[in-house]
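As structure tokens, the structure follows; a few thoughts come after it.
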Amino acid sequence: MPGAMLAMARMNIPSIFVYGGTIRPGKLGACDLTVVSAFEAVGQYSGGQIDEQQLTAIEKNACPGAGSCGGMFTANTMSAAFEVMGLSLPYSSTMAAEDPEKADSAARSAEVLVQAHQAGIRPRDLMTREAFENAISVIMAVGGSTNSVLHLLAVARTAGVDLAIDDFERIRQRVPVICDLKPSGRYVTVDLHQAGGIPQVMKLLLDAGLLHGDCRTIEGRTLREVLAEVPSEPPAGQEVIRPLSNPLYAKGHLAILKGNLAEEGAVAKISGVKNPVITGPARVFESEESCLGAILDKRINPGDVVVVRNEGPVGGPGMREMLSPTAAIVGQGLLDSVALITDGRFSGGSFGLVIGHVAPEAAVGGTIGLVQEGDSITVDADRLLIQLNVSDEEIARRRAAWVKPEPRYRTGVLGKYARLVSSSSKGAVTDQPDI
């Protein structure tokens, strides 16, 4: 999906984004299930909390049909962002893939695209600085994916818009989380759709002065005009969308942490975390697989700070998502007592005290590559701090002795990618135009 947006920005010919739609929730008794439920169940099974019969039942019922992952995970986060930016039709980002209205919306999108062509509306006309700020505001309000930081930075650079990682923290400080959505909340995206969808969320933010209402949309209307008939209060009798006077969290959930462990920044998802501060011993792993093995073998203890490195843009190469380890941590009951730090990224379904996109990454000499087993690390989301508690002199000594890891690929597309790719703090782009 972000790749489609990159293409739209580069080509800059009349374009509209048509989302395939979200999956309906799986059902097991009275519980709504998503794909993340299956990953968490693996952790619950290995931790002895459920038996094999329960694990199998969750696996068989988690994904009942077509569509993207059902919570406010990465796909639904990005579809929401694109709707907010006016690049797709109102309400289209939260429709279920198998519902008739999705086909109707796709057909209507073709009609609107023809009209946009006739009116000369191009993607970069809509991809303004204000539109990106609107997208970030809504992502904070709905509790969206950490991957939105990476993707929006990349799309903005391609579109020639000056957007920086610090803009996410600035907007987070003023926009509360008002939607109770999975992974850390109770409801799924089809519930959000029934409660008024992204337009309802936008209307609440617009009325509070938290959106730029003059941004244009693919239909040729302003955002304020699109939202004119949307109620100023969320529907009664539902708990998916809260009024701004009663948010789940007073500030957004995607915090940008900095410190000697991430001079360029790291992205922390702090929704659903009871204790956003932890200082503990580092448990260092050079890959996702070795980390997952340690979790399932019960070698990770309360108070540990798990470090997974060499999974960044250069080191991967690319940035694998860490859904398996984070879900296993949750499944084993370690949600509030273990932090996980990585120069890779997370699934939109990951939650807990998870800190990704650590930059500079290990493969280019970032401090995360200098961490040793047992080092004290502090993660403090309240102070926006991620710190290796080792003296500057010791860090300098380790850096002088550091040897750059051998690249996993030297030739082909992956070899070229690793040589060209930028820091995750700049969107992990391979071309960096002047903006």
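The condition of being closer than 30 Å to residue 118 by Cα and open to solvent by 60 Å² or more (accessible area, probe 1.4 Å) holds for only one of 24, 10, that being 10. Please verify whether residue 114 is among the β-branched types (Val, Ile, Thr) and surrounded by fewer than 17 Cβ atoms within 10 Å (Cβ to Cβ), treating the condition exactly as stated. So residue 114 passes the test. Summed over region 224-260, residues that are under 25 Å from the mean Cα position of the chain (by Cα) and either of a type in the set (Asp, Glu) or on the phi > 0 side of the Ramachandran plot (or both) total 2.
Inside region 408-419, residues that are open to solvent by 100 Å² or more (accessible area, probe 1.4 Å) and aliphatic (A, V, I, L, M) make up a count of 1.
Does residue 342 satisfy the criteria of being polar (S, T, N, Q) and at pLDDT 95 or above?
yes
Are there any pairs with C-beta distances below 7 angstrom linking a residue in region 212-233 that is closer than 20 Å to residue 129 by Cβ to a residue that is open to solvent by 70 Å² or more (accessible area, probe 1.4 Å) and assigned to a strand (DSSP E or B), with the two at least 6 apart or on different chains, and if so which? Final answer for the pair search is 222/216.
Taking helices (runs of 4 or more DSSP H) as the structural unit, those lying wholly within region 144-216 and holding at least 3 residues that are modelled with pLDDT of 95 or more and among the charged types (D, E, K, R) correspond to 165-172.
When the test is whether a residue is among the polar types (S, T, N, Q), touching a residue at least 24 places away in the same chain (Cβ under 8 Å), more than 30 Å from residue 210 (Cβ to Cβ) and open to solvent by less than 50 Å² (accessible area, probe 1.4 Å), residue 37 passes it. Of all residues in region 47-89, exactly one satisfies the criterion of being free of Cβ contacts under 8 Å to residues at least 40 places away in the same chain, among the small types (Gly, Ala, Ser) and part of a helix (DSSP H, G or I), namely 57.
Restricting attention to region 206-229 and to residues that are within 27 Å of residue 116 (Cα to Cα) and hydrophobic (A, V, I, L, M, F, W, C), the residue that is most open to solvent (accessible area, probe 1.4 Å) turns out to be 228. The residue that is most open to solvent (accessible area, probe 1.4 Å), counting only those in region 324-355 that are assigned to a strand (DSSP E or B) and touching a Gly at 6+ places or on another chain (Cβ under 6 Å), is 345. Filter region 391-435 down to the residues that are assigned to a loop (DSSP other than H, G, I, E, B), farther than 30 Å from residue 170 by Cβ and without any contact (Cβ under 8 Å) to a residue 60 or more places away in the chain and list them by number. Within region 391-435, 391, 402, 403, 404, 406, 410, 411 qualify. Cβ contacts < 6 Å: first residue touching a residue at least 12 places away in the same chain (Cβ under 8 Å), restricted to region 105-127; second residue among the hydroxyl-bearing types (Ser, Thr, Tyr) and in a helix (DSSP H, G or I), any location; separation 6+ or different chain. Result? Filtered contacts from region 105-127: 105/92.
Remark: residue 320 matches the filter, which requires a residue to be open to solvent by 70 Å² or more (accessible area, probe 1.4 Å) and basic (Lys, Arg).
Quick check on my filter: what residues within region 293-310 are buried (at least 24 other Cβ atoms within 10 Å of the Cβ) and in contact with a Ser or Thr (Cβ under 6 Å, 6 or more places away or on another chain)?
Applying the first criterion (buried (at least 24 other Cβ atoms within 10 Å of the Cβ)) to region 293-310 yields 295, 305-309.
Once the filter is applied, which keeps residues that are buried (at least 24 other Cβ atoms within 10 Å of the Cβ) and in contact with a Ser or Thr (Cβ under 6 Å, 6 or more places away or on another chain), region 293-310 yields only 308.
Do we find a residue being part of a loop (DSSP other than H, G, I, E, B), at pLDDT below 95 and on the phi > 0 side of the Ramachandran plot anywhere in region 365-376?
Taking every residue of region 365-376 in turn, none turns out to be part of a loop (DSSP other than H, G, I, E, B), at pLDDT below 95 and on the phi > 0 side of the Ramachandran plot.
Screening residue 358 against (1) of a type in the set (A, V, I, L, M); (2) open to solvent by 80 Å² or more (accessible area, probe 1.4 Å); (3) within 28 Å of the chain's Cα centre (by Cα) leaves a single unmet condition, (2).
Residues in region 378-407 that are touching a Ser or Thr at 6+ places or on another chain (Cβ under 7 Å) and open to solvent by less than 20 Å² (accessible area, probe 1.4 Å) were compared, and the one that is farthest from residue 266 (Cα to Cα) is 395.
The values are calculated or read from the model by the stated rules, or taken from the named source; none is laboratory data. Because the structure is predicted, anything quoted here is derived from the model rather than measured. No Cβ is skipped: glycine too gets one built from the backbone with ideal geometry, and neighbour counts run over all protein chains shown. We work out accessible area using only protein heavy atoms, side chains counted, and drop any ligands, DNA or RNA first. Shrake-Rupley method; radii C 1.70, N 1.55, O 1.52, S 1.80 Å.
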